[in-house]
Amino acid sequence: MVEEAIKVLERLKEEVPLVHAITNYVVINDNANALLSIGASPAMVMSPDEAYDFTAISNALYVNIGTINNETKETIINSVISAKDHKKPVVLDPVGCAAIKSRVDFVNMLLKIGDISIIKGNGGEIKALSGESANVRGVDSLDDSGNVDSCVKLAKLTNTVVVATGKEDYISDGKRVVKVKNGTYLFTKITGAGCTLGAIMAATSACSHDKVISSLAALLIMNIAGELAEKECNLPGTFRAKFIDNLYLINSDIIRKYADIEVLEA
Amino acid sequence: MVEEAIKVLERLKEEVPLVHAITNYVVINDNANALLSIGASPAMVMSPDEAYDFTAISNALYVNIGTINNETKETIINSVISAKDHKKPVVLDPVGCAAIKSRVDFVNMLLKIGDISIIKGNGGEIKALSGESANVRGVDSLDDSGNVDSCVKLAKLTNTVVVATGKEDYISDGKRVVKVKNGTYLFTKITGAGCTLGAIMAATSACSHDKVISSLAALLIMNIAGELAEKECNLPGTFRAKFIDNLYLINSDIIRKYADIEVLEA
Amino acid sequence: MVEEAIKVLERLKEEVPLVHAITNYVVINDNANALLSIGASPAMVMSPDEAYDFTAISNALYVNIGTINNETKETIINSVISAKDHKKPVVLDPVGCAAIKSRVDFVNMLLKIGDISIIKGNGGEIKALSGESANVRGVDSLDDSGNVDSCVKLAKLTNTVVVATGKEDYISDGKRVVKVKNGTYLFTKITGAGCTLGAIMAATSACSHDKVISSLAALLIMNIAGELAEKECNLPGTFRAKFIDNLYLINSDIIRKYADIEVLEA
């Protein structure tokens, strides 16, 4: 499975997918730099009037609801419809939906009108969307227990691939489950690590029909780059720069050397 | 007084306050990373529809008017009312009010409808709110003379704690006055140092009923981290990363060792 | 011509021009830090209600349409009119206009109602505004051939100074043409290098009546700082910090030593 994920990275470097990222204001710069570093082409078109047409010429859509307002909600809706009309993969990042209940309704609406490929959230967000109670503080999840079950449950419920992040990350399409053990605690000390993962996941989703594999590729790229950056510096300010450096350096050999995953029963 | 400020930092590390930060687009990422580095939990909820309820579950509210528009003004109003209803501390950062007169009116309106705990601005902004003339260039203050007087004056006028930043920083509640001599000139060479201070001030305001002490804690955390970062690198690009590194490292012993303050007569 | 450009930098350091930058959300922080590093004073006022008056007290206006929405379009229009009324130089950055056709109309409208001093875009954007077809991927230009011709053509068509960036950069007012050979490929590996150039170009435009010379000054500052940063680190995360460090360090001697330009026939 790691070899299949490596092929996704190789295809990405060749194809340079254009990722239409509608993301939050906190991480918008980080997301763009991360996408450039791995070899994708980011574009953050945010106007409702431009969204439909721009998604149509993109290779994937990333939707992050971290700082939505009335205008960006409209932008998101237009893009999600366009992605469905033009058969573009969509990664949906339901930031904050465990703390802000109206966001669950917005996400459910998007699941209804669109054709979402992947939902990626932290454990708390995935639990909230599965209808379970979640222990969160603002946008952060405080309890990783049960993440794998909620991940599988939501995948079945929504018929999408679901990624639940935490100390360990899980990917499931309701049948297969993959556990990714790579990563670094420093991702919780900088803002927007989850969002950067989502943006990378959109880029890889354009490079494989199998969204479990494309999600695995994104998690390996992200988490291994984080591990290598941590080795260079474990202080968050310098770590952020080193993380981008390592995203830029990552390649097949590095992934092959460090990948630490487990395939589980659903 | 330094020992009391240190207790605020210790409480912050224990309690991990959730800070609802409605801040400007320039510094939103920096503010989030600074809050994470000191051990707080940031959330930048910006929709008018979500603001009231989110402030209610937060431990403190940070309001920065640097890039306000019609929608964020509404968000701010809803959050300021919620903070009053739910007795949450509010730090108000009147960015640019010395150059843009309509912002003085907006700030005065917030002071009327809300229960603002702390006003923090550079000398020019504090003078403008005190009804004095200020020598500024855009959002920057060009003259520090008289900062202490304006600080005390505005504190009495508004019945809040006021912090006036400059080469030296002043805190006053109209009775007590504290002068903080720590800091680095490099804060004027990077964008948003004042805004980052405001965000940190919101985090510490959740950890003490005495807002003079909580503000002092924030100034010591910020300014000493800046001094230590300057020692590592005095060029602004690298300094920014080192500053976040040092915010992450700061602790009671470091503050005790470097704090350089003076308690004055009001 | 390099000596004249150096004089612009010296004037900038003396005069500290206030740059009203209406820029996109991706690069807004980078733009502010770049402006501070070269010695200018940035202010990102984004409200339609505040725009007219703020441009009036600024020394130059930078307009970047990268993430426009309905509100920022209004802000831009108000500022462009104010710049005309108060005779302030305007740098217009038509980000994405080659991929999003409605942006060409918006730019043409601004050219009609305003008094634009400089249009700066990548080759694809300049071609799109010249009415030529352009090979682009999202906001990136994929083909530099013909950039010089489109640059001269658009300068004549619009009666402005035009800067077309690419592997080599061109400046033209329709009569003179200057080719700038400095630069680094790493500008294509980080987000917003073009936008940062535009912001710097606004700062220098406040320091010379000759906008070919002021644009040359900006390109030399930007590109030489990039070259020097590349020598320190060729990985994008660390490069970004080193680039800001080198913008801060740049001076007459450095520009004199490294400038690599060619004056061509129009």
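The values are calculated or read from the model by the stated rules, or taken from the named source; none is laboratory data. Bear in mind that the values here come from a model prediction, so they are computed numbers and not experimental data. Here Cβ is always computed from backbone atoms with ideal geometry, including for glycine, and neighbour counts include all displayed protein chains.
Of all residues in the stretch B:2-16, those that are within 14 Å of B:Ser205 (Cβ to Cβ) and among the β-branched types (Val, Ile, Thr) have Cβ atoms under 7 Å from Cβ atoms of residues that are modelled with pLDDT of 95 or more and assigned to a helix (DSSP H, G or I), 6 or more apart or on another chain, in B:Val8/B:Thr204; B:Val8/B:Ile213; B:Val8/B:Ser214; B:Val8/B:Ala217.
So which of A:Asn78, A:Asn59, A:Asn24, A:Asn33 is over 22 Å from C:Cys195 (Cβ atoms), touching a residue at least 24 places away in the same chain (Cβ under 8 Å), within 10 Å of chain C (Cβ to nearest Cβ) and not basic (Lys, Arg)? Spell out the reasoning first.
Details: A:Asn78 fails: within 10 Å of chain C (Cβ to nearest Cβ); A:Asn24 fails: over 22 Å from C:Cys195 (Cβ atoms); A:Asn33 fails: over 22 Å from C:Cys195 (Cβ atoms).
One residue alone meets the criteria, A:Asn59.
Of the residues in the stretch B:132-141, at least one is more than 14 Å from every other protein chain (Cβ to nearest Cβ) and either within 22 Å of B:Tyr185 (Cα to Cα) or free of Cβ contacts under 8 Å to residues at least 24 places away in the same chain (or both). Scan the stretch C:18-52 for residues that are more than 14 Å from A:Asn29 (Cα to Cα), surrounded by 23 or more Cβ atoms within 10 Å (Cβ to Cβ) and in contact with a strand residue (DSSP E or B) (Cβ under 9 Å, 6 or more places away or on another chain) and the total you get is 14. Under the condition of being touching a strand residue (DSSP E or B) at 6+ places or on another chain (Cβ under 6 Å) and either of a type in the set (A, V, I, L, M) or under 16 Å from A:Met44 (Cβ atoms) (or both), the residues counted in the stretch C:96-118 number 4. Scoring A:Gly96 on the criteria (1) within 30 Å of B:Ser58 (Cα to Cα); (2) part of a helix (DSSP H, G or I); (3) among the small types (Gly, Ala, Ser) leaves a single failure, condition (2).
Residues that are within 14 Å of chain C (Cβ to nearest Cβ) and either crowded, with 20+ Cβ neighbours inside 10 Å or closer than 19 Å to B:Val63 by Cβ (or both) do not occur anywhere in the stretch B:147-164. For the stretch B:142-152, a residue qualifies if it is acidic (Asp, Glu) and either touching a residue at least 12 places away in the same chain (Cβ under 8 Å) or within 23 Å of C:Val16 (Cα to Cα) (or both), and the qualifying residues are B:Asp143, B:Asp144. The set of residues in the stretch C:210-228 being more than 19 Å from C:Gly198 (Cα to Cα) and surrounded by 23 or more Cβ atoms within 10 Å (Cβ to Cβ) is empty.
Would you be able to say whether some residue in the stretch A:169-180 is touching a residue at least 12 places away in the same chain (Cβ under 8 Å), within 14 Å of chain B (Cβ to nearest Cβ) and not aliphatic (A, V, I, L, M)? Looking through the stretch A:169-180, none of the residues is touching a residue at least 12 places away in the same chain (Cβ under 8 Å), within 14 Å of chain B (Cβ to nearest Cβ) and not aliphatic (A, V, I, L, M).
Inside the stretch C:150-266, counting only strands (runs of 3 or more DSSP E) that do not spill past its ends, which hold 3 or more residues that are at pLDDT below 95 and more than 30 Å from B:Arg240 (Cβ to Cβ)? Explain how you work it out, then say what you get.
Numbers: elements: C:161-165, C:169-172, C:176-180, C:261-265.
Because the criterion is at least 3 residues that are at pLDDT below 95 and more than 30 Å from B:Arg240 (Cβ to Cβ), no strands (runs of 3 or more DSSP E) in the stretch C:150-266 meet it.
How many of the residues in the stretch B:118-149 are part of a loop (DSSP other than H, G, I, E, B), touching an Asp or Glu at 6+ places or on another chain (Cβ under 8 Å) and not acidic (Asp, Glu)? Within the stretch B:118-149, residues that are part of a loop (DSSP other than H, G, I, E, B), touching an Asp or Glu at 6+ places or on another chain (Cβ under 8 Å) and not acidic (Asp, Glu) number 3. Per the conditions (1) buried (at least 24 other Cβ atoms within 10 Å of the Cβ); (2) without any contact (Cβ under 8 Å) to a residue 60 or more places away in the chain, the sole criterion not satisfied by B:Thr188 is (1).
Within the stretch B:92-112, can one find any residue that is under 23 Å from A:Gly192 (Cβ atoms) and in contact with a Leu (Cβ under 9 Å, 6 or more places away or on another chain)? Yes, there is a match, as at least one residue in the stretch B:92-112 is under 23 Å from A:Gly192 (Cβ atoms) and in contact with a Leu (Cβ under 9 Å, 6 or more places away or on another chain).
Against the list (1) closer than 22 Å to B:Ala217 by Cβ; (2) without any contact (Cβ under 8 Å) to a residue 40 or more places away in the chain; (3) out of contact with any Asp or Glu (no Cβ under 8 Å at 6 or more places or on another chain), the condition B:Pro94 fails is (3). All of (1) away from chain B (no Cβ under 14 Å); (2) closer than 23 Å to A:Lys153 by Cβ; (3) within 18 Å of the chain's Cα centre (by Cα) hold for A:Gly194 with one exception: (1).
Every residue, every condition in (1) closer than 19 Å to C:Ser172 by Cβ; (2) under 18 Å from the mean Cα position of the chain (by Cα), yes or no:
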| position | (1), (2) |
| --- | --- |
| C:Ser79 | no, yes |
| C:Ala83 | no, yes |
| C:His86 | no, no |
| C:Leu110 | no, yes |
| C:Ile113 | no, no |
| C:Gly121 | yes, yes |
| C:Gly124 | yes, yes |
| C:Lys127 | yes, yes |
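Annotation: of all residues in the stretch C:112-131 being touching a helix residue (DSSP H, G or I) at 6+ places or on another chain (Cβ under 6 Å) and surrounded by fewer than 24 Cβ atoms within 10 Å (Cβ to Cβ), the one that is nearest to C:Ser208 (Cα to Cα) is C:Ser117.
Considering the conditions (1) within 14 Å of chain A (Cβ to nearest Cβ); (2) within 14 Å of the chain's Cα centre (by Cα), B:Ala241 is excluded by exactly one of them, (2). The lone criterion from (1) crowded, with 21+ Cβ neighbours inside 10 Å; (2) of a type outside the set (S, T, N, Q); (3) out of contact with any strand residue (DSSP E or B) (no Cβ under 9 Å at 6 or more places or on another chain) left unmet by B:Ala202 is number (3).
When B:Asn69 is tested against the conditions (1) touching a strand residue (DSSP E or B) at 6+ places or on another chain (Cβ under 6 Å); (2) free of Cβ contacts under 8 Å to residues at least 40 places away in the same chain; (3) of a type outside the set (D, E, K, R); (4) over 20 Å from B:Asp245 (Cβ atoms), the lone failure is (1). Within the option set C:Glu14, C:Glu10, being charged (D, E, K, R), within 14 Å of chain B (Cβ to nearest Cβ) and over 17 Å from the mean Cα position of the chain (by Cα) holds for one residue only, C:Glu14.
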